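Structure first, then comments.
The values are calculated or read from the model by the stated rules, or taken from the named source; none is laboratory data. This one's a predicted model, so the numbers in the text were calculated from it and none came from an experiment. As a convention, Cβ positions derive from the backbone with ideal geometry for all residues, glycine included, and neighbour counts pool all protein chains shown.
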Amino acid sequence: MKYQKLLTPLDLGFTTLKNRVLMGSMHTMLEELPGGHEKLAAYFGERARGQVGLMVTGGIAPNEEAVVAEGAAKMSTEEEADHHKIITETVHKEGGKICMQILHTGRYAYSTKSVAPSAIQAPINMFKPRAMELEDIERTIQDYVKCAKLAQYAGYDGVEVMGSEGYLINQFLVKKTNHRDDAFGGNYENRMKFPIEIIRRTREAVGPNFIIIYRISMLDLVEEGSTWEEVVLLAKEIERAGATILNTGIGWHEARVPTIGSVVPRGGFAWVTKRMMGEVNIPLITTNRINTPEIAENILDTGCADMVSLARPFLADPEFVLKAIEGRSHEINTCIACNQACLDHTFTMQRCSCIVNPRACYETELNYLPTENKKHIAVVGGGPAGLAAASIAAERGHSVDLFEASDRLGGQFNMAMAIPGKEDYAETIRYFSNMLEKHRVNVNLGRKIEAEEINQANYDEVIIATGVTPRKLEIEGINHPKVLNYREVLWDKKEVGRKVAILGAGGIGFDVAEYLSEAHEGLKSIPSYMKEWGVDMEYKNAGATTKAIDEPSPREIHLLKRSPGKHGKNLGKTTGWIHRSSLVKKKVNMLSSCEYLKIDDSGLHIKINDKVQVLDIDHVVVCAGQEVYNPFLDKLNLAEDQIHVIGGAKKSAGLDAKRAIKEAAELAAKL
């Protein structure tokens, strides 16, 4: 067996998990949709069928004060619990096990009812919490216990008590947010009473044959966080109180250390769980950026944990475990940690999904059923949209010819994967390439097909996914030898000098700045990453924080934009700050309100606030957006309903792979 450790059952005494894989908690926003529990049942059922050992739901609040936002999911009555029975029944029918996460957000609640150990406002929330009275604390403990009992009533196999990520329990534990001077404040023994009492009373209430996972904050990554000695002491006390499993939590939401973004090395935080191994006698789960069976197996094989938690990888591929079992790991649709359709959606109150798998959280609405009317389909363009359209159409039984003018598949993803921290984008190209082969798509590389050839081939359907081309700017000197566009830099790998001006500070501009500011020595090691972002791997400091190390770019880089205000304000909700921080650390000069005057031998002439200046640069890289590339649409002689334009070929404004792949999937599902 290839993944022997990963696929070994885990005996919990009263029950056995079929393997060492936990599908970690993710709030999908299905919890709040009309008919959401039926959708959740299909979502979890599909992943149970995919053979994951144990699943955990998104966070469910034990009372109204605990909710993520007003109107968000909670479980405090039997009526609310009854809605969950369709989920547990579906999962059990598929042979799976599922725990419900109990989450009290504390001062992170986006609500006027928010409460916390002390009335200290979170830097990421506009609402200031009310300090809990002793009777509030007692009532809240009782609400946790009641919520666990209701979860048991609803058919869940257990609960996960969320004690990390800076939520309420975590807020009780650290001096940063707990300024109390009563029995729940002061010394650590007092501060940890809250979680211990929750676990102790929950175990008494649910009996011995019910899973209780406690998600412990192994690394707070904030100043005045827990010390390592405190984390170990808490782990032992939580075990003594009755927990079945300890799950690892990494970093508060307000921490300024990327913990799950694509810049994080794979398995980058398993080392801290390994420190805990041997300190307790119950199984330990490690987490964060574990997105392949190989990474998971290595983590287990090197003694970092007893079990691994993967969350977003199960959005990307519900059959992750099944494919590992069947020796089909090359067919796994790998999570690329972009956050664009999952966390960015959740934090903007949209339904969660996945950029590389638009079916995620749409299992009742988007399905790739076998066709009853086999067609001959041409797909023009082998970027993300074309790859998705061709592979899904062929999977359904259509005969598909794919034409790509360049010598490689992947389109814009070939440029994305060149950016430091985005290397995983290559996995999506690998996945779709394998799907094209599996479903027998006729792939034509280096083949710039003309409209006349399509007209003569009698295709039933033609999908145009020719993508975009870099937008040109109208500036005096735009054809100067100093001027390059982003495609020439990232695709053609043209040489760029030591002094560079980048015109345009959208996503592409940031990517090019990151690309040009790195030494390109390969993937960062885990120790070098932790050093860069200020994580104390020796855990000498509370919260495991230390001074971050700036690594100035080997180039002098100016990132310019015409609009006023901060750079990167339109980047991803959960990742934009990472990109901004990274460029600040690299000493990239960010200029706004720029008027581009001309480019000549002396450099780039600009005007800012009526002041003209000349930037002495070797190259100007234009990253001013994209234009539709659709060279022959008006030359096709097919009926209008036979021609389908998707992705950048349809609309360049606001183009991203999320939209392109989603359009492709929806089209291919109905052809």
Open item on the list: Quick check on region 48-105: of everything there that is of a type in the set (Gly, Ala, Ser) and closer than 13 Å to residue 154 by Cβ, which residue is modelled with the lowest pLDDT?
Closed with: 73
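Pick from 272, 257: which is part of a helix (DSSP H, G or I), among the β-branched types (Val, Ile, Thr), in contact (Cβ under 8 Å) with a residue 60 or more places away in the chain and within 30 Å of residue 68 (Cβ to Cβ)? Let's see the steps before the verdict.
Values: 257 fails: part of a helix (DSSP H, G or I).
None of the other options fit; the residue is 272.
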Open item on the list: So residue 71 ticks every box in (1) assigned to a helix (DSSP H, G or I); (2) within 28 Å of the chain's Cα centre (by Cα); (3) surrounded by fewer than 17 Cβ atoms within 10 Å (Cβ to Cβ) but one. Which box is left unticked?
Closed with: (1)
Open item on the list: Just to check your reading of the model, which residue among 230, 239, 197, 224 is assigned to a helix (DSSP H, G or I), acidic (Asp, Glu) and over 24 Å from residue 304 (Cα atoms)?
Closed with: 197
Task: Candidates 207, 249, filtered to the one that is assigned by TED's automatic domain parsing to the domain that holds residue 271, under 28 Å from the mean Cα position of the chain (by Cα) and of a type in the set (Gly, Ala, Ser) - done: 249
Open item on the list: Tell me yes or no: at least one residue of region 305-323 is surrounded by 24 or more Cβ atoms within 10 Å (Cβ to Cβ), more than 21 Å from residue 164 (Cβ to Cβ) and of a type in the set (Val, Ile, Thr).
Closed with: yes
Task: Residue selected from region 74-87 under the condition charged (D, E, K, R) and exposed (fewer than 15 other Cβ atoms within 10 Å of the Cβ), by the criterion nearest to residue 46 (Cα to Cα) - done: 82
- [ ] Look at residue 287 and say whether it is under 23 Å from residue 160 (Cβ atoms), under 14 Å from the mean Cα position of the chain (by Cα) and modelled with pLDDT under 95.
- [x] no
Open item on the list: Checking residue 473 against (1) at pLDDT 95 or above; (2) touching a strand residue (DSSP E or B) at 6+ places or on another chain (Cβ under 7 Å); (3) in a loop (DSSP other than H, G, I, E, B), only one condition comes out false. Which one?
Closed with: (1)
Task: Enumeration of residues in region 81-121 that are farther than 30 Å from residue 254 by Cβ, among the charged types (D, E, K, R) and in contact with a strand residue (DSSP E or B) (Cβ under 8 Å, 6 or more places away or on another chain) - done: 97
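Is region 384-404 home to any residue that is at positive phi and over 22 Å from the mean Cα position of the chain (by Cα)?
Step one: filter region 384-404 for residues at positive phi, giving 397.
This time we only want the ones that are over 22 Å from the mean Cα position of the chain (by Cα), so: 397.
Yes, region 384-404 contains at least one residue that is at positive phi and over 22 Å from the mean Cα position of the chain (by Cα).
Would you point out the residue of region 355-367, among those that are closer than 17 Å to residue 50 by Cα and not acidic (Asp, Glu), that is surrounded by the fewest Cβ atoms within 10 Å (Cβ to Cβ)?
Narrowing region 355-367 to residues closer than 17 Å to residue 50 by Cα: 357, 359-364, 367.
This time we only want the ones that are not acidic (Asp, Glu), so: 357, 359-362, 364, 367.
Working: 357: 23, 359: 20, 360: 27, 361: 27, 362: 21, 364: 14, 367: 11.
Ranking the qualifying residues of region 355-367, first place goes to 367.
If only one of 643, 608 is surrounded by fewer than 20 Cβ atoms within 10 Å (Cβ to Cβ), under 30 Å from residue 453 (Cβ atoms) and not basic (Lys, Arg), which one is it? Steps first, please.
Details: 608 fails: under 30 Å from residue 453 (Cβ atoms).
Selected residue: 643, the only one of 643, 608 that is surrounded by fewer than 20 Cβ atoms within 10 Å (Cβ to Cβ), under 30 Å from residue 453 (Cβ atoms) and not basic (Lys, Arg).
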Task: Odd one out for residue 56, checked against (1) among the aliphatic types (A, V, I, L, M); (2) part of a loop (DSSP other than H, G, I, E, B); (3) farther than 22 Å from residue 114 by Cβ - done: (2)
Task: Flag if residue 487 is under 28 Å from the mean Cα position of the chain (by Cα) and within 30 Å of residue 607 (Cα to Cα) - done: yes
Task: Output for region 154-184, where each listed residue is buried (at least 17 other Cβ atoms within 10 Å of the Cβ) and either small (Gly, Ala, Ser) or assigned to a helix (DSSP H, G or I) (or both) - done: 154, 155, 158, 163, 164, 166, 168, 169, 170, 171, 172, 173
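Within region 276-291, take every residue that is touching a residue at least 24 places away in the same chain (Cβ under 8 Å) and out of contact with any helix residue (DSSP H, G or I) (no Cβ under 7 Å at 6 or more places or on another chain) and give me the one that is nearest to residue 233 (Cα to Cα).
Initially, region 276-291 is screened for residues touching a residue at least 24 places away in the same chain (Cβ under 8 Å), giving 276-277, 279-291.
Among the residues that remain, those that are also out of contact with any helix residue (DSSP H, G or I) (no Cβ under 7 Å at 6 or more places or on another chain) are: 277, 283, 285, 287-289.
Values: 277: 13, 283: 16, 285: 17, 287: 21, 288: 23, 289: 27 Å.
Ranking the candidates gives 277 first.
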TODO: Output the qualifying pairs, or none if there are none: Cβ atoms under 6 angstrom, residues six or more apart or on different chains, first residue in region 29-46 and within 22 Å of residue 317 (Cβ to Cβ), second residue among the acidic types (Asp, Glu).
DONE: 42/363; 43/363; 45/94; 46/363
